[in-house]
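> Could you have a look at this structure, given as structure tokens, before my questions?
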Amino acid sequence: MPEKPLTEETTTVSTLSESDLLARIFPRLTVNAAQGAAMLLGPGDDAALVAAPDGRTLVSIDTQVQDQDFRLLWASGYRTTGFDVGWKAAAQNLSDINAMGGTASSLVVSLTLPPETLVSWVEDLADGLTAAIRELGATGCSVAGGDLGRGREISVTVAVLGTLAGGSPVLRSGARAGDVLAMAGTVGRAAAGLALLESGHPVDSLTPAQRALVETQSRPRPPLAAGPLARTAGATAMMDISDGLVRDAGRLAAASGVVLDLDPGELKAHAEALVPASGILGVDPMAWVLGGGEDHGLLATFPAGVQLAPGFTAIGSVQAPGTQNGPVVTIAGRVAGARGWDHFAD
């Protein structure tokens, strides 16, 4: 019997050379005609050349690993596309620069691929990277290059560079008693989407509201305009909410030596948005609000009396630590119990 001819649907990375695969990827990494103001030399040489007009560079890195950070096929029947993984890889790294009050200038991507990975899936990943950069508003950023390797599971590592354009970064350690605790973006939605993906409810049977929660997990939308605006408005501390509101607030509280007291009334609206998932899964939506990560919103503190930066709403207050508990997160004065996500404990 003659062999089935290779098509766009069946061609795997094992059938191409590294150069051939890169030739399929590079044309998809164009964000705009200028390719980002900071990139002076893009993919093709041994290293890219990126401008640092501020004289300082913000750097962060994150990794997604198959069956640890995403599944190709979920229990609900949802199939993770390369576009999903590319989008999320860009979003979570862009969010880290945003959390310092900066703007991203370039990304470098390292891909580890099993030989049976479809070339079309990898091309889709490149499309997801550039779509996220463009649609999330980071159009001054570009993909400067990266690396390809072979492995047993898909692994996507992205390093991001960013700039502050003058001024100082907003650290986790600057919150002071009397500050207002505020948040930009959403919280709990990605966790609700993850629960739906892991459930036995077929993805095709989900309502539009439930599908929107799944999309927040697959393609998060960090509020990239909010970070620089918060820095300009005088935010005293800030961080990305990636591992859960309480867990990440605890990190900010520890770094600043303060108590962060959450107002449950202010979080109620976030919980109400999760009812479409909590209703069919039998979960208290507030558990997702307090413990769910990966929305990549921003948690920030502002001095009392200062107008909050656009996009932020107050969700609590900053208080001096007590003699018994020290730096901690409380909810209406009671110590919070939500754990959030831990890569090694969970």
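> Taking region 163-183 only, how many residues are in a loop (DSSP other than H, G, I, E, B) and not small (Gly, Ala, Ser)?
Kept after step one, since they are in a loop (DSSP other than H, G, I, E, B), are these residues of region 163-183: 164-171, 175-179.
So of that shortlist, the ones also not small (Gly, Ala, Ser) come out as 164, 169-171, 176, 179.
So the answer is 6.
> Give region 128-162 a look and list any residue that's in a loop (DSSP other than H, G, I, E, B) and either in the same structural domain as residue 240 (by TED's automatic domain parsing) or at negative phi (or both), or say none.
At the first step, the residues of region 128-162 found to be in a loop (DSSP other than H, G, I, E, B) are 136-141, 151-154.
Across region 128-162, the qualifying residues are 136, 138, 139, 140, 141, 151, 152, 153, 154.
> Still on this structure, I have one more. Of these, 225, 235, which one is surrounded by fewer than 18 Cβ atoms within 10 Å (Cβ to Cβ) and either of a type in the set (Val, Ile, Thr) or under 28 Å from residue 252 (Cβ atoms) (or both)? Give the derivation first.
On the way: 235 fails: surrounded by fewer than 18 Cβ atoms within 10 Å (Cβ to Cβ).
Sole residue among the options that is surrounded by fewer than 18 Cβ atoms within 10 Å (Cβ to Cβ) and either of a type in the set (Val, Ile, Thr) or under 28 Å from residue 252 (Cβ atoms) (or both): 225.
> Also, I was wondering about something else. Regarding residue 300, is this residue of a type outside the set (Val, Ile, Thr) and at pLDDT 95 or above?
Details: of a type outside the set (Val, Ile, Thr): yes; at pLDDT 95 or above: yes.
In short, yes.
> Residues in region 300-310 that are out of contact with any helix residue (DSSP H, G or I) (no Cβ under 6 Å at 6 or more places or on another chain) and assigned to a strand (DSSP E or B): how many?
If we filter region 300-310 for residues that are out of contact with any helix residue (DSSP H, G or I) (no Cβ under 6 Å at 6 or more places or on another chain), which is where we start, we get 301-308.
Filter once more, keeping what is assigned to a strand (DSSP E or B): 301-302.
Residues in region 300-310 being out of contact with any helix residue (DSSP H, G or I) (no Cβ under 6 Å at 6 or more places or on another chain) and assigned to a strand (DSSP E or B): 2 in total.
> Same structure again: May I ask you to say which residue of 274, 252 is within 23 Å of the chain's Cα centre (by Cα), buried (at least 20 other Cβ atoms within 10 Å of the Cβ) and closer than 20 Å to residue 60 by Cβ? If you could, list the steps in order and put the result at the bottom.
Numbers: 274 fails: closer than 20 Å to residue 60 by Cβ.
Testing whether each residue is within 23 Å of the chain's Cα centre (by Cα), buried (at least 20 other Cβ atoms within 10 Å of the Cβ) and closer than 20 Å to residue 60 by Cβ leaves just 252.
> Being of a type in the set (Gly, Ala, Ser), over 13 Å from residue 262 (Cβ atoms), modelled with pLDDT under 95 and surrounded by fewer than 15 Cβ atoms within 10 Å (Cβ to Cβ) narrows it down to one of 333, 305, so name that one.
On the way: 333 fails: over 13 Å from residue 262 (Cβ atoms).
Just a single option satisfies the conditions, and that option is 305.
> Scan region 311-336 residue by residue and report those that are more than 18 Å from residue 172 (Cα to Cα), in contact (Cβ under 8 Å) with a residue 12 or more places away in the chain and part of a loop (DSSP other than H, G, I, E, B). Even if it seems obvious, please write down each step before you answer.
Within region 311-336, the subset more than 18 Å from residue 172 (Cα to Cα) is 311, 313, 322-325, 331-336.
Now drop any that are not in contact (Cβ under 8 Å) with a residue 12 or more places away in the chain, which leaves 311, 313, 322, 325, 331-333, 336.
Selection gives 311, 325, 332, 333, 336.
> Same structure again: Quick check on region 46-67: of everything there that is loosely packed, with under 12 Cβ neighbours inside 10 Å and in contact (Cβ under 8 Å) with a residue 60 or more places away in the chain, which residue is nearest to residue 167 (Cα to Cα)?
Within region 46-67, the match that is nearest to residue 167 (Cα to Cα) is 53.
> Quick one: in region 136-182, which of the residues that are acidic (Asp, Glu) and modelled with pLDDT of 95 or more is surrounded by the fewest Cβ atoms within 10 Å (Cβ to Cβ)?
Of region 136-182, the ones acidic (Asp, Glu) are 147, 153, 179.
Within this subset, residues satisfying the condition of being modelled with pLDDT of 95 or more are 153, 179.
Working: 153: 13, 179: 24.
So, considering only residues that are acidic (Asp, Glu) and modelled with pLDDT of 95 or more, the one surrounded by the fewest Cβ atoms within 10 Å (Cβ to Cβ) is 153.
> Among the residues of region 246-268, what is the count of those that are under 11 Å from residue 315 (Cα atoms) and assigned to a helix (DSSP H, G or I)?
Within region 246-268, the first condition is being under 11 Å from residue 315 (Cα atoms), and the residues that meet it are 260-268.
Adding the requirement that they be assigned to a helix (DSSP H, G or I) leaves 264-268.
Selection size over region 246-268: 5.
> Shifting gears a bit: Please enumerate the residues belonging to region 97-135 that are under 17 Å from residue 242 (Cα atoms) and surrounded by fewer than 24 Cβ atoms within 10 Å (Cβ to Cβ).
100
> Would you check which residues across region 183-221 are over 19 Å from residue 243 (Cβ atoms) and among the aliphatic types (A, V, I, L, M) and list them?
Hits for region 183-221 are 196, 203, 206, 209, 212, 214.
> Residues that are under 18 Å from the mean Cα position of the chain (by Cα) and farther than 30 Å from residue 41 by Cβ: does region 120-127 have at least one? It would help to see each step written out before you state the result.
To start, the set of residues in region 120-127 that are under 18 Å from the mean Cα position of the chain (by Cα) comprises 125-127.
Narrowing the set further to residues that are farther than 30 Å from residue 41 by Cβ leaves none.
No, because not a single residue in region 120-127 is under 18 Å from the mean Cα position of the chain (by Cα) and farther than 30 Å from residue 41 by Cβ.
> Return a yes/no flag: does region 40-58 have any residue that is among the hydroxyl-bearing types (Ser, Thr, Tyr), in the same structural domain as residue 159 (by TED's automatic domain parsing), modelled with pLDDT of 85 or more and not in a helix (DSSP H, G or I).
Our first condition is that a residue be among the hydroxyl-bearing types (Ser, Thr, Tyr); within region 40-58, this holds for 57.
Narrowing the set further to residues that are in the same structural domain as residue 159 (by TED's automatic domain parsing) leaves 57.
Narrowing further to those that are modelled with pLDDT of 85 or more: 57.
Now narrow it down to the ones that are not in a helix (DSSP H, G or I): 57.
So far as region 40-58 goes, yes, one or more of its residues are among the hydroxyl-bearing types (Ser, Thr, Tyr), in the same structural domain as residue 159 (by TED's automatic domain parsing), modelled with pLDDT of 85 or more and not in a helix (DSSP H, G or I).
The values are calculated or read from the model by the stated rules, or taken from the named source; none is laboratory data. From a predicted model like this one, the values you see are computed outputs, not experimental measurements. Every residue, glycine among them, receives a Cβ derived from its backbone with ideal geometry; neighbour counts consider all protein chains shown.
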